[in-house]
Amino acid sequence: MMGERHAAQEALFYSFSLEGHVPDRHTRRLIDRFVDLGGIREQLRPYYSETGRPSIDPELMIRMLIIGYCMGIRSERRLCEEVHLNLAYRWFCRLGLDGEVPDHSTFSKNRHGRFRDSDLLRKVFEATVARCIAEGLVGGEGFAVDASLIRADVDRQRAVPGEEGLPHDADGHAVREYLAVLDDAAFGAATPVVPRQLAPTDPAARWTAASRERAFFAYSTNYMIDVEHAVIVDVEATTAVRQAEVTAQRRMIERTQERFGLWPQRLVADGGYGDAPNLAWLVEERGIEPHIPVFDKSGRRDGTFERSEFTYEHEDDSYLCPGGKRLRRRNRNFAMPRSPADADGFHRYRATQKDCGGCDLKARCTPHAPARKIMRSIHEGARDLARDIASTDAYVTSRRQRKKVEMLFAHLKRILKLDRLRLRGPYGARDEFLLAATAQNLRKLAKLRAMPAIPVPG
């Protein structure tokens with residue numbers, strides 16, 4: 001028998017609580033425990049006028065942005081719709097049933113104004129790092145660092161040749177931001193190489209063919225994580241070149257030491273960070289063990305003796321060749337004193353033509369030159385330390401732990417949907433990377449620090 005139709009009727013009085021309609025184990029409730037925005041009002045107070053109409057609550061906007069990045073909602077227009085309809089989102093944003101959701105344009109106005117001027121998003125991210133440290137999720141013994149390319153919001157069809165420079169009519173906030181970072185080692189000053197293509201709508205985005213796909217415009221998001229629980233301890237936006245990524249690594253180490261007092265014993269990274277100056281900076285200036293493959297171009301493909309087959313003698317500052325002859329930096333005295341190293345930062349050790357000319361091994365050593373030459377970096381001590389570490393069991397462990405950074409990048413692109421930027425300009429990329437890293441740390445906290453069990457009445 002068909003049941004009776006029940007028509008909805010307007011109730012004169014009713015009671016409804018959002019608190020009772022959000023389950024105890026709901027993701028938003030688990031994340032909410034670790035969101036502390038109590039201090040943002042004081043941080044933003046100098047950026048608000050004392051007169052006029054009340055503005056939108058900044059805590060509400062930050063909570064909505066956290067929702068969006070945690071749930072992979074890339075559009076702020078859609079985010080406003082979801083918060084309006086979803087009870088759990090309303091509860092998380094402290095809106096209640098009748099709270100008004102701000103217009104999507106409010107986010108853009110505050111992002112380009114108060115939020116950037118006060119560096120608010122950086123402070124929100126660092127608050128999550130501090131909470132991870134307080135919860136015991138950051139050991140501080142070992143860090144891992146890596147970078148990943150994120151597509152820029154650029155139309156390839158509107159690109160111009162890089163050597164032509166920006167069109168004279170190029171304008172907008174992305175262009176102004178590009179001009180502001182021309183001397184920044186993480187952007188314009190990272191490399192003297194002129195890019196093949198330039199995007200007038202976002203000139204700081206780098207034309208890159210580093211992936212297997214077609215070349216595209218991109219920024220690099222740089223993560224530094226604690227290897228114990230893969231907590232992101234710092235994040236930096238750079239242009240998509242290796243030199244800028246090395247600069248970001250140094251900035252993140254310095255900033256983490258300054259903000260949180262974290263001083264890792266070892267740094268884990270891939271070969272892109274294994275050049276001699278960077279290894280020397282880690283070892284000599286920061287006292288950090290580099291668990292990094294050495295970037296070395298001394299290998300030979302013609303079958304002749306490689307540099308590793310020459311023995312360096314520290315006491316004599318010379319190399320001993322397989323034939324037992326000495327290679328020295330100076331084979332004769334000069335009237336004018338010379339620099340100990342060449343302009344490129346290398347010492348050059350040479351054998352004499354007499355030693356090489358009568359050597360039975362010349363064909364296997366230097367068949368096309370009268371004498372053999374060996375180049376040694378002024379930072380060779382740091383390179384040797386990295387090579388020694390690479391032969392240890394700890395290095396094998398570090399290589400496994402480095403994959404945690406790559407897993408975070410996969411999570412960033414596939415789960416949080418940040419495979420393409422929405423905002424333009426280096427500051428827009430920085431904002432998006434900070435919010436995404438904040439969301440990942442909050443999800444990590446919610447996963448590893450589960451809510452205490454509710455006692456069942458006996």
Item to check | Meets criteria (modelled with pLDDT under 95, within 22 Å of the chain's Cα centre (by Cα) and in the same structural domain as residue 266 (by TED's automatic domain parsing)) for residue 174 | outcome: yes
Next on the checklist: Here's a check for you: in segment 117-132, which residue that is modelled with pLDDT of 90 or more, assigned to a helix (DSSP H, G or I) and surrounded by fewer than 18 Cβ atoms within 10 Å (Cβ to Cβ) is farthest from the chain's Cα centre (by Cα)?
Outcome noted: 130
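Conditions (1) surrounded by fewer than 19 Cβ atoms within 10 Å (Cβ to Cβ); (2) in contact with a Cys (Cβ under 9 Å, 6 or more places away or on another chain); (3) more than 17 Å from residue 424 (Cα to Cα), marked per residue:
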site: 205; (1), (2), (3): no, no, no
site: 229; (1), (2), (3): yes, yes, yes
site: 234; (1), (2), (3): no, no, yes
site: 257; (1), (2), (3): yes, no, yes
Checklist entry - Do we find that residue 384 is without any contact (Cβ under 8 Å) to a residue 24 or more places away in the chain and outside any loop (DSSP other than H, G, I, E, B) in this structure? => result yes
Item to check | Matching residues in segment 62-95 - criterion: being outside any loop (DSSP other than H, G, I, E, B) and within 25 Å of the chain's Cα centre (by Cα) | outcome: 62, 63, 64, 65, 66, 67, 68, 69, 70, 76
Checklist outcome for this item: Among (1) in contact (Cβ under 8 Å) with a residue 40 or more places away in the chain; (2) β-branched (Val, Ile, Thr); (3) out of contact with any Pro (no Cβ under 7 Å at 6 or more places or on another chain), residue 194 falls short only on (1)
Next on the checklist: Filter segment 96-113 down to the residues that are part of a helix (DSSP H, G or I) and either in contact with a Ser or Thr (Cβ under 7 Å, 6 or more places away or on another chain) or in contact (Cβ under 8 Å) with a residue 60 or more places away in the chain (or both) and list them by number.
Outcome noted: 111, 112, 113
Next on the checklist: Can you tell me which residue is surrounded by the most Cβ atoms within 10 Å (Cβ to Cβ) among those in segment 291-309 that are among the β-branched types (Val, Ile, Thr) and either at pLDDT below 85 or farther than 20 Å from residue 321 by Cβ (or both)?
Outcome noted: 292
Next on the checklist: Can you tell me which residue is surrounded by the most Cβ atoms within 10 Å (Cβ to Cβ) among those in segment 153-195 that are under 22 Å from residue 247 (Cα atoms) and of a type in the set (Val, Ile, Thr)?
Outcome noted: 181
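The values are calculated or read from the model by the stated rules, or taken from the named source; none is laboratory data. What you are looking at is a predicted structure, and each value in this text was computed from that prediction instead of being measured. Quick reminder, even Gly has a Cβ in these numbers, built from the backbone with ideal geometry, and neighbours come from all protein chains shown.
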